[in-house]
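Below is one structure, written out as structure tokens; comments come after it.
None of the figures in this text is laboratory data; all of them are computed from the coordinates on show. Just so we're clear, the structure is a prediction, and the values are computed from it rather than from any experiment. Note that we place each Cβ from the backbone using ideal geometry, even for glycine, and neighbour counts take in every protein chain shown.
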Amino acid sequence: MSTQWHPFERALMVSRVEAEIELRGIAGVPWADFLLNPRRLRGSDFLMGWSQGVWSEERIVQAVNATGSYFALPYGLSAVAPDRDVREFELYFERLDRAGLRDLKRPDILIFTEARAERVRSVVKEIGGEPELPFTPEDDERMAFLLSEAILAVECENSLWRAKAMPDYGRPLRPVKRLGGKLGLPKAAVVPTIIIKDEDRAPLRLWQVQRKVPLHVWHVFYVAAFGLALDKAEELIRDGLIQAREQVFQAPGGATTRKVIYSFYYHYAYLLGDCEEEPRLAAAHIEDKNGHILPYVRFEGGRLALRPEAMAALEEAAMRKQG
């Protein structure tokens, strides 16, 4: 994993292409050099992305817990970070940096059967609460217990798109030349995809093997979500059905970098959930010590309900754990 980015910047980094698409029509603003602490936030898209990420992970946890059969625990660096104040969010990543944990890679959420929820919560409390999980080595006996009880690990992704309104949603896969006649879509097709960064593949595969917990990627869109097992994603890459591509990402300080990503058509995924209640888009802002104000849109509320396909994936994971 690249070490050139401060963990705070990596957490708030956005796809430059997606930001340009989603924020098209918004001209440059006088807050372009807004000073937060010492880091700069150039435009509201970073704060919107942060809010969307927080919202999407909260909706996943809520949806899993609402099943009554399973319990979700925020586990990864961003998942357990402060989620109501961007300044506290930054200080949390400063602490990670000082602790030498800036390149730690763990999945965002662990899922357990509800029958083990009370014991899991008790162990997390012994550790010091969810924010202390990244600072506790996974070979610690309490962490080892949590991992031994987990039936599934989840890496969360999100996109600022209404998935089923995307122009090519519902378009079937067909043979395409660039894939040697294998099924796919034209490069310009705009459909929901599940994203995995190439830099994350090896760390996630290693984590899955070492911790013996199956890992899925759950990608939340505005009113829908899709899931894909990491093993299936790797199989699609090996079979040449999904190819790597470069995408430009931008950090809050304005610097950009090119990252190799894999975009998996939703056709290969299972429908994770549907939105039973849409989120509210509320006006919000942050203000620095000099009185500079940066407005942004904050995602609030909403409710995601897991689909039968997602429940089947959880049931299969639970059965494997028992077996």
### Task
Provide the packing ranking of 71-80, 310-319, i.e. peptides ordered by the mean count of other C-beta atoms within 10 Å per residue, highest first.
71-80, 310-319
### Query
Under the Kirkwood approximation applied to all pairs of distinct alpha-carbon atoms, what is the hydrodynamic radius of region 208-288 in Å?
15.9
### Query
region 120-216: D in µm²/s via Stokes-Einstein (Kirkwood Rh, Cα pairs, 25 °C, 0.890 mPa s)?
144
### Stokes-Einstein D in µm²/s, Kirkwood radius over Cα pairs - region 260-315 at 25 °C with 0.890 mPa s viscosity
165
### Query
Whose amide H sits under 5 Å from the amide H of Trp161, counting only residues 5 or more places off or on another chain, with H placed in the peptide plane?
Tyr222
### Task
Compute log10 of I(q)/I(0) for region 136-180 with the Debye formula, placing one identical point scatterer on every Cα and leaving out solvent, at q = 0.25, 0.34 Å⁻¹, to two decimals.
-0.99, -1.10
### Task
Could you grab the Rg to Rh ratio for region 171-323? Cα atoms only, Kirkwood for Rh.
1.03
### Message
Give me the extension gain from His267 to Asp85: residue separation times 0.36 nm, minus the current Cα-Cα distance, reported in nm with one decimal.
### Response
61.8 nm
### Message
5 Å is the cut-off here: which amide hydrogens, built 1.01 Å from N in the peptide plane, fall below it relative to Ser78, excluding neighbours closer than 5 in sequence?
### Response
none
### Query
Can you work out ³J(HN,Hα) from phi for every residue in region 163-173, in order, using Karplus 6.51 cos²θ - 1.76 cosθ + 1.60 and θ = phi - 60°, giving whole Hz and x for Gly and Pro?
3, 6, 9, 5, x, 9, 4, x, 6, x, 5
